[in-house]
Amino acid sequence: MDPHTYNRLDGWGGRVDEVNTCTAWKELHNIASEEGLVAIRHHSSMELKEVWQTVKLILFNAVSGMVSCPLAMTDGAATTLTKILQKHQNCGNDGCSICSKEWKNVISTAISNLTSEEPDRFWTSGQWMTERAGGSDVTASTETTAIRGEDGVIRLFGNKFYTSAIDCDVSLALARYEGQLALFLVHLPKEYDGTVQVERLKDKLGTRQLPTAELTLNGLPGILLAEKGIANIIPMLQVTRLYNAISATSYVRHVSYLAQNFAKNRSAFGAPLNQLPLHKVSLAKLETAYRA
């Protein structure tokens, strides 16, 4: 997979903040959508649909060039938005400071696109929590603020230090709003408008196929999802942790397959490696770890 590139300026010196990903990265997104890797759990009526989703992810993740990362955040975002929408499903406009008919339509549209099996409609999501201070105490370290303007639009200002899959369509983001750490849904602009600035792409030791950036938010419009941000983003964290476990299993399976195939075709001391007692023990340990 070709590495992604970043162009801060165009040929005339104007800022564009273009993050370019290769054709293979885009095609893997399309395959994930068509295979319903996210949609299965949300739309399928089959029994044990979570098991079927897990099996497909195990087969896909190790050879996906880290597309499994945006898939994890996308599934997590769809799960989080669904739970939030369910809380407000029977909520009238009166007495609720968050939801409205328009708000429900926006959230429903986002869920539909995040779980779509049509590549042209399929959205991916980010997860914007980490800021420069870092650490597990997100409540204390978050400095991004959200301000409601005279036009009624809430806009986010601040720095998000580590944002993976920066080519996503939407993201869940935490920001301080009216004294609380709130949760927002943000749509990334299709063209540079100054509301999101890419400070740099991360030069990482691993997961280099995955475009990860440090961002400055300068008035990015956000849709308020919940005033208690940490409590309501937990479903996303749960789903992404599950994907991490599935990905680990996928990589162990793939490595075991490669090792067994190599041992079958490589000979030493007059016999294939998979017939040598010591090597058979090593292969058995690897396969046992995968099956466990």
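Direction-averaged projected area, Cα convex hull, region 36-77: 2.8 nm², rounded to one decimal.
Straight Cα distances below 17 angstrom link Lys87 to the aspartates and glutamates Glu102, Glu227, with same-chain residues fewer than 8 positions distant left out. Solvent exposure of region 1-105, expressed per residue, is 54 Å² of accessible area, with all protein chains present and a 1.4 angstrom probe. A 1.4 Å probe over all protein chains sorts Cys69, Cys99 by accessible area into Cys69, Cys99, starting with the largest. This model, with +1 at the C-beta of Lys and Arg and -1 at the C-beta of Asp and Glu, gives region 231-292 a dipole about its Cα centre of some 100 debye. For Gly219, the residues 5 or more places off, or on other chains, whose built amide H falls under 5 Å of its own are Leu156, Phe157, Gly158. Note on region 1-145: Rg/Rh from Cα positions, Kirkwood definition for Rh, rounded to two decimals, is 1.03. In this Cβ point-charge picture (+1 for Lys and Arg, -1 for Asp and Glu), region 161-280 has a dipole of about 940 debye about its Cα centre.
Shape index of region 174-256: Rg/Rh, with Rg the Cα radius of gyration and Rh the Kirkwood radius from the inverse mean 1/r over Cα pairs, equals 1.07. Protein heavy-atom surface of region 142-264, 1.4 angstrom probe: 55% of the accessible area is carbon and sulfur, with nucleic acids and ligands not counted. The alpha carbon radius of gyration of the chain, expressed as a multiple of 2.2 N^0.38 Å, is 1.15. With Cα atoms defining each centre, region 118-144 and region 171-195 are spaced 9 Å apart in the structure. When the Cα positions of Ala284, Val196, Val186 are compared along the charge dipole of region 173-292, Ala284 comes out farthest toward the positive end, with charges on each C-beta of Lys, Arg, Asp and Glu.
The values are calculated or read from the model by the stated rules, or taken from the named source; none is laboratory data. These numbers come from a predicted model, not from an experiment. Backbone-built Cβ (ideal geometry, glycine too); neighbour counts: all protein chains shown. What goes into the accessible areas is simple: the full protein's heavy atoms, side chains included, and nothing from ligands, DNA or RNA. Shrake-Rupley method; radii C 1.70, N 1.55, O 1.52, S 1.80 Å.
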